[in-house]
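The values are calculated or read from the model by the stated rules, or taken from the named source; none is laboratory data. Please read these numbers as outputs of a predicted model, since none were measured by experiment. Positions of Cβ are generated from backbone atoms using ideal geometry, with glycine treated the same way; all protein chains shown enter the neighbour counts.
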Amino acid sequence: MIPEFEKFKGFSAKTLPKDEIVAPGHRACQGCGEMLALRMAMKALGKDIIVANATGCMEIVTSPFPQTAWTVPWLHVAFENAATVASGIEAARKVLARKGKIPKKHIDIVAVGGDGATGDIGIQWISGAFERGHDMVYICLDNEAYMNTGVQRSGCTPYGAMTTTTPPGKESFGQVTWKKNVPAIMAAHGIPYVATASPAYYVDLMNKVKKAALVKGPAYVHIYSPCPTGWGSPGEKSIEIARLVVETRVVPLYEVIEGKYILSRKINKPKPVTDYLKTQRRFKHLKEEQLAYIQKRVDEEYDRIVKLSEMD
Amino acid sequence: MATSDAIIGWKTLPFGCHITEPGSSAKFRTGDWRSQRPVLDKEKCIKCGMCWIFCPDMAYSQTKEGYYEANMEYCKGCGICANECPKGAIQMVEEEV
Amino acid sequence: MSKRVGVEVSIAVADAVKLARAEVISAYPITPQTHIVEHLSDVVANGELDAEYVPVESEHAAMSCCLGASAAGARTFTSSSSQGLSLMSEILYHPGPMRLPVVMVVANRALAAPISIWNDHNDIMVQRDIGWIQTFAENGQEAVDLLLHAYRVAEDPKVSLPFIVNIDGFTLSHVIEPIILPDQEDVDAYIPSFKPHVKLDPKKPVTMGPVGIPEVYTEAKVAHEMALRASKKVIIQGWKEFAGKFGRQYNPIETYRMDDAETVLVTMGSISETAMTAIDAMRDEGQKVGLLRIRLWRPFPGPEFRKAIGKTVKTLAVIDRTISTGASCGPVSAELRSILYKMPGRAPKIFGFVAGLGGRDVTVDTFREIVDKANLYAKKRPTDLYEVIGVREK
């Protein structure tokens, strides 16, 4: 077990940190689920952090010069390399602390990126950083497409979804591939902590982010982040959708602690996936055949996670 | 407008184009994006804070009496608070032009 | 006591990085840079240098890592070459405007295709506009000295800009030369510890790398350009201090046998030594030839270059180590044509030559051929915009 977890009591609905790490006045869209996920994650982490942010929605909406929404040290460089920039920050603090140039106090080094920055363009940089074992938290805010550039498909776009580069048409029904399993890829690095989260389950989300910070070495939290603009869903439904995605087993919430899968929330009586899919315009065009395939595949994927969690 | 603050010369530009005032986005009012606003019925409110934790615009804060109040300077009117309120205490009403 | 030792230039450069007390070193192996970073791994592994060596998975990551480390307040070092430098390219544009003094040695090498591990300047000329200070070393001693000078200048509070020291791959990086490595004490006095204006620190939160909206982007770019131009003063000051401390004087432009010279070679990097040998031979034969050697490439020392051209000079024969494909001449020739265009009355004629591509030897005879051709073209206009020396047609 991870010794750092023993002292951590966890957040509860009544003990949520009041401090806002990300300030208001940011330019995120109405009802942005990604901003909510970011806000909750940052609340869990607190002020003693340094953030390296990949290019993407959260970077753009929080930092148009001359104003910043960040109240913690924050650095943006490029799209793919937030994990490596974080590696550099971590390495610098290690040597500077050793040489007595900065206090020895632990500061959490946090990298933040969207699904494109994480699962597509940045996967090599993250893989390198994780393999080298830097003490960092990587937070992926997964809104399932390239939203910042106008909703183009990514490897994390779900099967059947309409995006501006996977338009349904005479010869196509939207995204033809199944969503890339990025948390599993990260877990395959043998890092001590991987988790999935949804902002609808905010205490769970914040506990996972905090645990990711507490653990020594690389940790990864993959947060499902509804995007009303890109998904064609009403802004007020972002949390409802983030709840439905779990209740329908489309996104299972789990942790992988030192290789061991632990299911955070067992969904014994799942709602049909159509309950989830019908909330978003991006799935509106899907036919019976595709909906049936999604239901079948979601059940299989969920069972796989359950089986993994039952392994000793 | 925030952009007016950016009308500065290269000689007065902050070193490295870094921003040294934390959280300065709070000067930017996103409230004028709103077409509807949340209105709280205190009779129904149980002060649970769901509206606060589920606000993507950090608009909510707790008053001395324990109610949660949205700051109209920032509230973009998304309506998540009304949708998530377990007691139906928040209604979204149209902004008058 | 400092002493002169016979050592491979790459090893000496790595020892200079050690003397400069780099704190975060991040690199990815590429020929011919490898000996530098191998030796640095050794000195870190042996505890001779208190640093973090971050063995990243690509050159892009090496620069990303250095950037993060520099932003966090550490003295950084990396080294690359050729394809690796190209892979880094996206991130090379960041530390300049962000005013992060990352220091890098580029072991210059040709770019594919066809792939070549051998020396020319194509790799760095592609990165001409990245907004780093750039110097070119002629020999091993200079490589060491310029590296120390790079830290002195890059981290100077008045400068705070990234710095590349170019050394020719193999022809410089892999040769064994007698080199004086200065004493640690003197280096410590020459390079004060890094005190950044701004760094990533929870005690004083800063946002680095914000979005440059159109209202500010131009000003941000000009601020960087002006900082780079202004750095020349400190670059020259740094060399003066270096001379005072270590006894070797460096200048942005070096002259060789320029008295009464009429035809002048212009070179950059290690071919300059051969050029001097060629000049000596031609002088012995009574030819009025001289050499101008560019040490400081960015910011380009225009006034210094104009000043270095004596009143007797009629013809400049400029040697580029890369083809600027589709352009009217190579990048060095273009630079010189541009700065001499406004030189009233006495501007010499400029003829562009390309030599030493992808490891092709540049010999005394090459320089003789260049001088002969420049003299000929001074009388009879050449048909081509520039000439690739030694290229076979059939």
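Summary of computed values
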item	result
Those helices (runs of 4 or more DSSP H) lying entirely in the range C:277-386 with at least 3 residues outside the structural domain of residue C:238 (by TED's automatic domain parsing) and among the acidic types (Asp, Glu)	C:364-379
Criterion violated by residue B:11 - all others in (1) at negative phi; (2) at pLDDT 95 or above; (3) surrounded by fewer than 18 Cβ atoms within 10 Å (Cβ to Cβ); (4) facing chain A (nearest Cβ under 10 Å) satisfied	(4)
Enumeration of residues in the range B:14-50 that are facing chain A (nearest Cβ under 8 Å) and either in contact with a Ser or Thr (Cβ under 7 Å, 6 or more places away or on another chain) or aliphatic (A, V, I, L, M) (or both)	B:14, B:19, B:22, B:23, B:24, B:25, B:26
Single condition residue C:69 does not satisfy, out of (1) in contact (Cβ under 8 Å) with a residue 40 or more places away in the chain; (2) of a type in the set (Gly, Ala, Ser); (3) not in a helix (DSSP H, G or I)	(3)
Number of the condition not met by residue B:39 [criteria: (1) free of Cβ contacts under 8 Å to residues at least 40 places away in the same chain; (2) farther than 30 Å from residue C:216 by Cβ; (3) out of contact with any Cys (no Cβ under 9 Å at 6 or more places or on another chain)]	(1)
Filter result for residue A:40 (assigned to a loop (DSSP other than H, G, I, E, B), of a type in the set (A, V, I, L, M) and farther than 24 Å from residue A:77 by Cβ)	no
Residue selected from the range C:83-113 under the condition in contact (Cβ under 8 Å) with a residue 40 or more places away in the chain and part of a loop (DSSP other than H, G, I, E, B), by the criterion nearest to residue C:354 (Cα to Cα)	C:110
Residue among C:106, C:126, C:37 that alone is closer than 17 Å to residue C:163 by Cα and in contact with a strand residue (DSSP E or B) (Cβ under 7 Å, 6 or more places away or on another chain)	C:106
Any hit, the range A:71-82, residues being part of a helix (DSSP H, G or I) and either aliphatic (A, V, I, L, M) or within 14 Å of chain B (Cβ to nearest Cβ) (or both)	yes
Single match in C:301, C:344 (criterion: at pLDDT below 95 and surrounded by fewer than 23 Cβ atoms within 10 Å (Cβ to Cβ))	C:344
Pairs, first under 13 Å from residue C:296 (Cα atoms) in the range C:236-256, second among the β-branched types (Val, Ile, Thr) and assigned to a helix (DSSP H, G or I), C-beta under 7 Å, six or more apart	C:238/C:153; C:252/C:236
Matching residues, the range A:1-28, being within 22 Å of residue A:225 (Cα to Cα) and of a type in the set (A, V, I, L, M)	A:13, A:16, A:21, A:22, A:23, A:28
Filter pass, residue C:168 being touching a Ser or Thr at 6+ places or on another chain (Cβ under 7 Å), assigned by TED's automatic domain parsing to the domain that holds residue C:100, crowded, with 18+ Cβ neighbours inside 10 Å and without any contact (Cβ under 8 Å) to a residue 60 or more places away in the chain	no
Hits in the range C:201-215 - residues which are more than 28 Å from residue A:92 (Cβ to Cβ) and either facing another protein chain (nearest Cβ under 7 Å) or in contact with an Asp or Glu (Cβ under 8 Å, 6 or more places away or on another chain) (or both)	C:213, C:215
Residue match in the range C:42-49 (condition: touching a Ser or Thr at 6+ places or on another chain (Cβ under 7 Å) and on the phi < 0 side of the Ramachandran plot)	no
The range C:37-66, subset in a helix (DSSP H, G or I) and within 7 Å of chain A (Cβ to nearest Cβ), residue surrounded by the fewest Cβ atoms within 10 Å (Cβ to Cβ)	C:60
From B:81, B:45, B:51, residue being out of contact with any Lys or Arg (no Cβ under 6 Å at 6 or more places or on another chain) and either surrounded by fewer than 19 Cβ atoms within 10 Å (Cβ to Cβ) or in a loop (DSSP other than H, G, I, E, B) (or both)	B:45
Pick from the range A:1-29, criterion within 11 Å of chain B (Cβ to nearest Cβ) and hydrophobic (A, V, I, L, M, F, W, C), ranking: surrounded by the fewest Cβ atoms within 10 Å (Cβ to Cβ)	A:13
